[in-house]
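So the structure is just underneath, and the comments pick up after that.
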């Protein structure tokens, strides 16, 4: 079942999925009885990786919202505003999660990101993003720890994760 694609500023974007749908997917995967939890910082990084890897796998973004190169790694401001009240505390799973909003390809991306990154804590994921070109490039001119709202370039994300995919 395909979705209509829209053009936004010269970019092809999916019409239905939002960063909040992706966040709900990751929040629904947390197994509290296994001792895992989801902090705001970790959720941001997982959503960022979902966007980057979906670019690499399918050549389109997963959702429209953008990420900025904040001091602690990529952050989607819309997602930050939604969950900021949790601070450093765990975010609970959504009461209801409807995975049918995703098509098969989107679910494959989300599953792959969860399998690759879901086991790591937020600080590890933060350090990982700090070593990657999209965040580094967007932070040019900013000192470590300095506030920054530079948008991480979608084309840079696409190229970077495609290159990682191709080079294994």
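When you scan segment 112-131, do you find a residue that is at pLDDT 95 or above, more than 20 Å from residue 30 (Cβ to Cβ) and in a loop (DSSP other than H, G, I, E, B), even just one? The answer is yes; a qualifying residue exists.
State yes or no: is residue 90 surrounded by 15 or more Cβ atoms within 10 Å (Cβ to Cβ) and more than 22 Å from residue 157 (Cα to Cα)? Break it down into steps so the answer makes sense when it comes.
Numbers: surrounded by 15 or more Cβ atoms within 10 Å (Cβ to Cβ): yes; more than 22 Å from residue 157 (Cα to Cα): yes.
Considered against the rule, which asks whether it is surrounded by 15 or more Cβ atoms within 10 Å (Cβ to Cβ) and more than 22 Å from residue 157 (Cα to Cα), residue 90 comes out as yes.
Within segment 147-168, the set of residues being under 17 Å from residue 68 (Cβ atoms) and surrounded by fewer than 10 Cβ atoms within 10 Å (Cβ to Cβ) comprises 147 only. If you check 25, 48 for being part of a helix (DSSP H, G or I), in contact with a strand residue (DSSP E or B) (Cβ under 9 Å, 6 or more places away or on another chain) and either at pLDDT 85 or above or over 25 Å from residue 133 (Cβ atoms) (or both), only one passes: 48.
Could you pull out the residue among 94, 134 that is touching a helix residue (DSSP H, G or I) at 6+ places or on another chain (Cβ under 6 Å) and modelled with pLDDT of 95 or more? Before you say what the answer is, go through the steps one by one.
On the way: 94 fails: modelled with pLDDT of 95 or more.
The match here is 134.
Considering each residue of segment 67-82, count those that are within 21 Å of residue 101 (Cα to Cα) and surrounded by 18 or more Cβ atoms within 10 Å (Cβ to Cβ), and give that number. Adding up the residues that qualify gives 2. Among the residues of segment 33-40, are any at pLDDT 95 or above and within 14 Å of residue 119 (Cα to Cα)? Yes, that holds for at least one residue.
Quick check on this structure: which one of 126, 106 is within 27 Å of residue 16 (Cβ to Cβ), surrounded by 14 or more Cβ atoms within 10 Å (Cβ to Cβ) and touching a residue at least 24 places away in the same chain (Cβ under 8 Å)? Explain how you work it out, then say what you get.
Numbers: 126 fails: within 27 Å of residue 16 (Cβ to Cβ).
Criteria check complete, one pass: 106.
A quick yes/no check of all residues on (1) within 11 Å of the chain's Cα centre (by Cα); (2) assigned to a loop (DSSP other than H, G, I, E, B):
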{"site": "56", "(1), (2)": "no, no"}
{"site": "61", "(1), (2)": "yes, yes"}
{"site": "69", "(1), (2)": "no, no"}
{"site": "89", "(1), (2)": "no, yes"}
{"site": "97", "(1), (2)": "no, yes"}
{"site": "100", "(1), (2)": "no, no"}
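What about residue 163, is it farther than 23 Å from residue 36 by Cα and not in a loop (DSSP other than H, G, I, E, B)? Yes: the conditions hold for residue 163.
The values are calculated or read from the model by the stated rules, or taken from the named source; none is laboratory data. This one's a predicted model, so the numbers in the text were calculated from it and none came from an experiment. Here Cβ is always computed from backbone atoms with ideal geometry, including for glycine, and neighbour counts include all displayed protein chains.
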